[in-house]
Each structure stands twice: as structure tokens, then as C-alpha cells.
Amino acid sequence: MHTRVFGRHKATIRSISGVYSKEFGENQELAKVHQMIQSFEQREGRRPRMMVAKIGQDGHDRGAKVVATAFADLGFDVDIGALFQTPGEVAKQAVENDAHVIGMSTKDLGLQTLLPELVKELKNLDREDIMVVVGGVIPAQDYDYLYKHGASAIFGPGTVIPIAAQKVIEELDRRHA
């Protein structure tokens, strides 16, 4: 009898495009996001770049994929990190991809540990300019802690994506002014 050994499963991370904008349709909030991205691109020479990262042991990635797809449809350049990354791996990938912002998500209770670790890793790479936003089902009582430890914005369930995109761009504009 032969014993077979298999390595850890690595899911292929993909996003799709055109779905969010098509479903959302044209409206004032969408038009505002497009204008803000255009202004950012004119000033910075490129569109805002976001890395969407699932950090820790949480394998639930549907929400992160929806957010990544929506932000890409709105005009952001978006990279999606692999599942189960460490804060160090996320920071390194964000730096290599020259991201302006990391959108981090984790469904487990690790945010209070993982966010400060990510911010520390960015500091170690001399890239404290990379903004970190947090999304997911996050208890309201954790918000103050997360803001104090490096979150520039927190987006929970029910967040209207174009409004979230506006907040991200406004903060990027403030930092790059």
C-alpha cells in the first residue's frame, strides 16, 4: 500500500468585473466616485491601488471578493491576496504592488492582534504611508481599539460601497495633499 502526501490546498483567487457597476446602475454617488478617481489619477499619475487581504485563519472570502470586484468596477486597481496570509506577507505584497491602501478582513476575533501586526510590518518596511481599512462583521465595541491601532476606516455589514470608496479616496487625498 502506498501512502500519498498532499500539500496544503491553495485556492485560486479571482475577481470578476462589470457586475457591480451593471447592477448598481448610474447614480450620483457612482458619478462622484468616478470623478474622485479621475482627480486622484490626474494628481498621482495612476489610479488608486487597493490590496484586499484575508489575514489569519479565516477562509471565508466571498465578502472580500465582492468588495474587490466592486472597487475594481468603480475604477480602483485591485489586487487580491491569498487566503491565510500573515500580516508580514500582506505588508510585503502591498509594498511590492505599490498599493495605496490595504483592505483587510478577517472573520475570526484576530483583528485586535492582526491589525497592529500589519501596521508594525508596514512600519518595518518603511511604508507607513499605506493606509489600512478594515471590513467585516466587527463588534462596535472594537472600533475605538482598531482606530487607535491603525485602521483609517472601518466598514461593516450594510456599507454602501460607493460611499466606502468615497471615504477611502477622501482619506488618500488628505494623506497625499
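A short reminder: the numbers here are calculations on the coordinates, not readings from a lab. On a predicted model such as this, the values are computed, not experimentally measured, just so you know. Neighbour counts are summed over all protein chains in view; Cβ atoms, including those assigned to glycine, are modelled from backbone coordinates with ideal geometry.
Scanning the range 123-143 turns up one or more residues that are out of contact with any helix residue (DSSP H, G or I) (no Cβ under 9 Å at 6 or more places or on another chain), more than 21 Å from PHE84 (Cα to Cα) and either touching a residue at least 60 places away in the same chain (Cβ under 8 Å) or of a type in the set (S, T, N, Q) (or both).
Here is a list: ASP126, ASP144. Which entry is of a type outside the set (Gly, Ala, Ser) and at positive phi?
Numbers: ASP144 fails: at positive phi.
Result of the check over ASP126, ASP144: ASP126.
Number of residues in the range 74-112 that are without any contact (Cβ under 8 Å) to a residue 60 or more places away in the chain and touching a His at 6+ places or on another chain (Cβ under 8 Å) equals 3.
Highlighted here are the strands (runs of 3 or more DSSP E) found entirely within the range 75-177 that include at least 1 residues which are under 11 Å from the mean Cα position of the chain (by Cα) and charged (D, E, K, R): 77-80.
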